[in-house]
1. Can you name the residue in segment 40-55 that is of a type in the set (A, V, I, L, M) and buried (at least 17 other Cβ atoms within 10 Å of the Cβ) and is also modelled with the lowest pLDDT among such residues?
2. Can you tell me which residue is farthest from P215 (Cα to Cα) among those in segment 547-569 that are open to solvent by less than 20 Å² (accessible area, probe 1.4 Å) and touching a Phe, Trp or Tyr at 6+ places or on another chain (Cβ under 9 Å)?
3. Give me the residue from segment 747-766 that is buried (at least 17 other Cβ atoms within 10 Å of the Cβ) and of a type in the set (A, V, I, L, M, F, W, C) and, out of that set, nearest to the chain's Cα centre (by Cα).
4. Condition first: acidic (D, E), assigned to a strand (DSSP E or B) and open to solvent by 40 Å² or more (accessible area, probe 1.4 Å). Now tell me which residues in segment 621-665 satisfy that.
5. Can you run down the residue pairs with Cβ atoms below 6 Å, 6 or more apart or on separate chains, where the first is in segment 734-751 and closer than 15 Å to S245 by Cα and the partner is aromatic (F, W, Y) and modelled with pLDDT of 90 or more?
6. Identify all residues within segment 301-336 that are small (G, A, S) and under 17 Å from A366 (Cβ atoms); write none if there are none.
7. Yes or no: D400 over 23 Å from the mean Cα position of the chain (by Cα) and in contact (Cβ under 8 Å) with a residue 12 or more places away in the chain?
8. Report whether or not T686 is of a type in the set (V, I, T), under 30 Å from G763 (Cβ atoms), open to solvent by less than 20 Å² (accessible area, probe 1.4 Å) and within 26 Å of the chain's Cα centre (by Cα).
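The values are calculated or read from the model by the stated rules, or taken from the named source; none is laboratory data. No experiment lies behind these values; they were computed from the predicted model shown. All Cβ positions, glycine included, derive from the backbone under ideal geometry; neighbour counts span all protein chains shown. Note: accessible area is taken over every heavy atom of the protein model, side chains too, but ligands, DNA and RNA are not part of it. Shrake-Rupley method; radii C 1.70, N 1.55, O 1.52, S 1.80 Å.
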Amino acid sequence: MKHIMELRSTHLLRLLLIFALGLFGTNGFTQTATLKGLLTNDAGEALAAAPALLYAADSTLASAQLTDAEGQFVFRGVEAGTYRLDVSGVGYAKRSLPIEMIGSDLDMGKIALEALELDAVEITTERPLIRVEPDKTVFYVAGNLSTTGDQALELLRKAPGVTVDQNDDVMVEGKTGVQIYVDGRPLALQGEDRANYLKSLPADAIESVEIITQPSSRFDAAGNGGIINLVMAREKGMGTNGTASAGLIYGQRLRGNGSLALNHRRKKLNLFGNYSNRMGPSTNFIYLYRIQSGLVFDERTDSETDTRSHNVRTGADYQLNDRHTFGVLVNADLRDSDSEAESLTPISTLGNSTIDSILSAPNRSATQSINLATNLNYHFEDTLGTSVNVDLDYGHYNRDRDNFQPNYYFAPDGTTLLAQRITSQITPTTISIYTARADFEKKWGPGVFSTGVKFSAVDTDNAFEFYQEEGGEMNFDSSRSNQFRYLENVNAAYVNYKWSTGKWNMQGGLRAEHTHSIGELEAQTPQDNERVERNYLNLFPSGGVTYNLNWKNSFALLYSRRIQRPNYASLNPFEFQLNELSFSRGNPFLQPQYTDNVKLSHTYKYAVTTSISYSFVSDFFAKVTEAEGERRNFLNTRNVANQETYSFNLSAPIPINDWWSGYLSGWVYYSDFTATNSAFVSIDRTTYGLYAQSTFKLPKDLSLEVSGWYNSPSIWGGTYRTRSMGALNVSARKDLGPNWTLKMSLNDLLYTNPWRGITEYGGVFIDGTGGGDSRQVRLSLSYRFGHEDIKSARKRDMGLDDEAGRL
């Protein structure tokens, strides 16, 4: 432990030195021409999110921006010449201003827009469903009826290029390893816990989904598939505002959810808070037909989980003056669930339909988890384009799970008891994460230079207590119990530079990450993997170029290198028993996988986007089922292959007339897995899918929407060859006055959401199918209160990045 702390201190000092050199070594360079201004209304109030368009002398679009929360727009790197600036806002008359740039900065000061006569002109605006930006694609949620009653996980199925597989894993453009962020900060959960959190987060509380397939060097290098950032809904202006909503969902069981968002802002102080919950039972099934050692195991498991989850996000920003801002942010996720699973497994000999015996495993489990993340932030920004951002973070995750697992073997008649083994497991997990991050940005030469450092430390402690019934009592089995501790330190530094010239926008950067980890297993029974230590340094280049041919057409070419470190649970060598014959264990020797991504995209009229991309993943790791003896099998994660993926994506709005509009997002990708593990069978497949919706505006403030998604047969996790999946949904919305809104939706009408697939690895063949109560009726009622124009809380991220995302 002392050795780890010495390494942490040495690398931290080195990286702080690099940061200091970047901070103080850039002052001697000249500034380039910058055009900026402040957009206001007649009363002098700032107009946020208003478009500012800069046109060259030939009327081609040179650059476009939206004003920030203070009403300010800034065009950097503007060449000398004659331009036209067009500014406008909803409910305000457009203004066109001639601009002459002579190589020096130009501040236009306040530009006031005149309000339109609203009694003579009716102003109606609708935000597009999709907006394509140079570095990301934004999928807007507000006003989308198909998201009625959705949770965040279901919402992601509808985002362009995003798919969710049968294990609730998220993929982007055919690649796994996607990092999930909430309001710019990584979600401190992974696997089952991450899926449960996303299922408890109402889609109505989300404003938009940002899909960043090629993150720059400023972001952590984790995530083969890039980053998906869920931007929570905000309020605007001064004063107090809020939204409350409640919903009911009925599938096979009835459950409910609710949310409350509050925002209070004064001139220098902003207080904000969000709360959401999910209450009630849900059902699932998984049927696995397994062939192993000449035996057939026809396992059928039906389960019901009663969940009580609560999500809280609260914080404050204090603006000391125009340059200095301080903030605090607290996120908490609390979950309590009870699960009952009835599992029956008839066992027979391959080629003989006669049943030899039946295994009955009526499992019962109780889980309590607390996930807490805190952030302290300082932000400095001056009028010359220099900014400093510092984050200090602490995250704590605790989960207690008690699992009672009887195993009864019956004769073929199903009543004669042949044998029984009754066991239980207590598996507490505690994870602490500490991070410190500093970022610096400054205008330098023709563009903007940025640099930063980050330090993170992770301490995980996992216990596995195994009990077995003997003589009617549950006795502790020390030979099958153990404790696993994992320590990880990642130090990182990056540089990035972006600049514009004419119709070209470019950026490039390099990130360095040094990782030192130690895994220690304490067990009474000797193990080969009692201590595993790793120490490695990686470099991650990234870059891109955008060419704006004219206002209709723009092109972008992007490249990035990424890493996907194993989840902490995947490294834990504990054996977690699913039933008498099936269990799972981690792999402490699991290596990270690396991805190189290249993407070329074209945007037409800022609405229609097409893209082609290529990625190569080395040391791809997958969850595989391996045989242990003749009857038992275990689920493990191993590095099994190299993966190549070619993808094509298209998304476009389809305006039909003033009362009927549509949207279409389609994708095709080819994945080729080449085995690097002798037990893995090389596999390749072309997969296609789409999401489409039609929205109809009807009389009396009523809207109707029909939507659906489809995924063709594909490959899940590099091992399962799955059949097609999809869903057809119908939604309606009725405005009940100025503040009340009622929504109803019918989801998965044809019940095509359940999955089915086959896999073969290491002498085990499985034909599986599974799903839940996805065919549902949903009702949602929301109420808005307070001022209508409240400025939003400052958007900022936290330093808990890929460390948190690997819990």
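1. Going residue by residue through segment 40-55, those that are of a type in the set (A, V, I, L, M) are 43, 46-50, 52-54.
Checking the rest, the ones that are also buried (at least 17 other Cβ atoms within 10 Å of the Cβ) come to 46-48, 50, 52-54.
Values: A46: 83, L47: 85, A48: 77, A50: 80, A52: 86, L53: 85, L54: 84.
Per the criteria, the residue is A48.
2. From segment 547-569, those open to solvent by less than 20 Å² (accessible area, probe 1.4 Å) are 556, 560, 562-566, 568; that's our starting set.
Keeping just the survivors that are touching a Phe, Trp or Tyr at 6+ places or on another chain (Cβ under 9 Å) gives 556, 560, 562-564, 566, 568.
On the way: A556: 14, S560: 7, R562: 9, I563: 12, Q564: 14, P566: 20, Y568: 23 Å.
That would be Y568.
3. W755
4. Of the residues in segment 621-665, the ones acidic (D, E) are 626, 628, 630, 644, 658.
Checking which are assigned to a strand (DSSP E or B) leaves us with 626, 628, 644.
Hits for segment 621-665 are E628, E644.
5. The qualifying pairs are N739/Y783; W740/Y783.
6. Initial filter on segment 301-336 (small (G, A, S)): 303, 309, 315-316, 327, 332.
Of everything in segment 301-336, those that are small (G, A, S) and under 17 Å from A366 (Cβ atoms) turn out to be S303, S309.
7. yes
8. When the stated conditions are applied, T686 does not pass them.
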